[in-house]
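Peer 1: The structure's right below; bear with me while I get my questions together.
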Amino acid sequence: MKTLETSRLRLRARTLDDLLAILAMDADPDVRRYIGGPPDAAVHRAEVHAHLVNGPPSGEWRWAVEWRHQPGFLGQVGLKPCHLPDCSELTWRLMRTAWGQGIATEAVRVMLDHARGDLGVRSFVAFIEAGNRASRRVAEKIGLLPTGEAVLHGYRQLVYRLD
């Protein structure tokens, strides 16, 4: 898995050293407010641990996001197969302490550039709960356009797409 960098950030493969930070991030009700709330702690710990040890499911990429010159988990971004035809889903989630600094936009943008240039992905989608203004703004800043709505994991989501 290729490490990606911007002038401020490094996106690297997630490791077991990230386990506690990922679990803390995902236990935060504010971080998970628009994606169903915190998951069951024991089940989630086992799932994340398995992904860190064995790698994510086939066709998925997940990067830990950290400051380029100061290691420390800020959040994660990902790219995975989508149930919609001929596109990949972009995902992102940050620790609450990393909000409001342009980190999500910068990290997703470099991941998108890598997916286009190195992985040959041409179409992207993001599913965002309508009330999640911050993620909607990230999607718009990187060029995704609202194209409709879908119900995903039992929640109404706005569909943002870039072809």
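Peer 1: Determine the per residue accessible area of region 1-137 with all protein chains present and a 1.4 angstrom probe, expressed in square angstrom. Before the final figure, lay out the partial values.
Peer 2: Values: 7040 Å² over 137 residues.
Ligands and nucleic acids excluded, the figure is 51 Å² per residue.
Peer 1: Another question, then. Run through region 14-81 and list the GluC sites (Glu not before Pro) located in a DSSP loop whose Cβ has at most 15 other Cβ atoms within 10 Å.
Peer 2: On the way: sites: Glu47, Glu60, Glu66; in loops: Glu60.
The qualifying sites are Glu60.
Peer 1: Rounded, prolate or oblate: which fits region 1-97 when a ≥ b ≥ c are the square roots of the eigenvalues of the alpha-carbon gyration tensor, with rounded for a/c under 1.5 and prolate only if a/b beats b/c?
Peer 2: Values: a/c = 1.34, a/b = 1.04, b/c = 1.29.
The shape class here is rounded.
Peer 1: Given the options Ala27, Ala46, Ala115, which has the most mean-square fluctuation in a GNM of the chain, springs set between C-alpha atoms less than 10 angstrom apart?
Peer 2: Comparing Ala27, Ala46, Ala115 in the GNM, the peak value goes to Ala46.
Peer 1: Output wanted: per-residue J couplings in Hz (rounded whole) for region 43-49, from phi through Karplus 6.51 cos²θ - 1.76 cosθ + 1.60, θ = phi - 60°, x for Gly and Pro.
Peer 2: So the J values, rounded to whole Hz, are 5, 5, 4, 5, 5, 5, 4.
Peer 1: OK, next. Would you work out which of Leu52, Leu11, Gly154 lies farthest towards the positive end of the dipole of the chain, given +1 charges on the beta-carbon of Lys and Arg and -1 on that of Asp and Glu, about the Cα centre?
Peer 2: With unit charges placed on the Cβ atoms, the residue in question is Leu11.
Peer 1: Taking only the Cα atoms of region 93-142, how large is their convex hull per residue, in Å³? Provide the component values of the computation, followed by the final result.
Peer 2: Working: hull volume 4.1 nm³, N = 50.
Residue-normalised Cα hull volume stands at 82 Å³.
Peer 1: Around Arg12, what is the net charge, scoring Lys/Arg as +1 and Asp/Glu as -1 over all other residues with Cβ under 12 Å from its Cβ? Let's see the in-between values first.
Peer 2: Working: positive: Lys2, Arg10, Arg14, Arg62, Arg68; negative: Glu5, Asp17, Asp18, Glu66.
Summing Lys and Arg as +1 and Asp and Glu as -1 gives +1.
Peer 1: What residues qualify as long-range amide H neighbours of Cys87, i.e. H under 5 Å apart, gap of 5 or more or another chain, H built at 1.01 Å from N?
Peer 2: Amide H to amide H, under 5 Å and 5 or more residues apart or across chains, Cys87 pairs with Cys82.
Peer 1: Additional query: ³J(HN,Hα) across region 107-119 via Karplus (A = 6.51, B = -1.76, C = 1.60, θ = phi - 60°), whole Hz, x for Gly/Pro?
Peer 2: 5, 5, 4, 5, 5, 4, 4, 5, 4, 5, x, 9, 9
Peer 1: Given the C-alpha centroids of region 99-118 and region 58-75, what is the distance between them in whole angstrom?
Peer 2: Measuring centre to centre over Cα atoms gives 11 Å.
Peer 1: Right, something else. What percentage of the solvent-accessible surface of region 34-120, computed with a 1.4 Å probe over protein heavy atoms, is contributed by carbon and sulfur atoms? Please list the in-between numbers first.
Peer 2: Values: 2320 of 4490 Å².
Ligands and nucleic acids excluded, carbon and sulfur reach 52 percent.
Peer 1: Can I ask one more? Where in region 54-120 are there trypsin sites (Lys or Arg not before Pro) that are in a DSSP coil and have at most 12 other Cβ atoms within 10 angstrom of their Cβ? Could you put the intermediate results ahead of the total?
Peer 2: Values: sites: Arg62, Arg68, Arg93, Arg96, Arg109, Arg116; in loops: Arg68.
Here the sparse-neighbourhood loop sites are Arg68.
The values are calculated or read from the model by the stated rules, or taken from the named source; none is laboratory data. All of these numbers come straight from a predicted model, not from anything done at the bench. Reconstructed Cβ throughout: ideal geometry from the backbone, glycine too, with neighbour counts over all protein chains shown. Heads up: the accessible areas ignore ligands, DNA and RNA and are worked out on the full protein's heavy atoms, side chains in. Shrake-Rupley method; radii C 1.70, N 1.55, O 1.52, S 1.80 Å.
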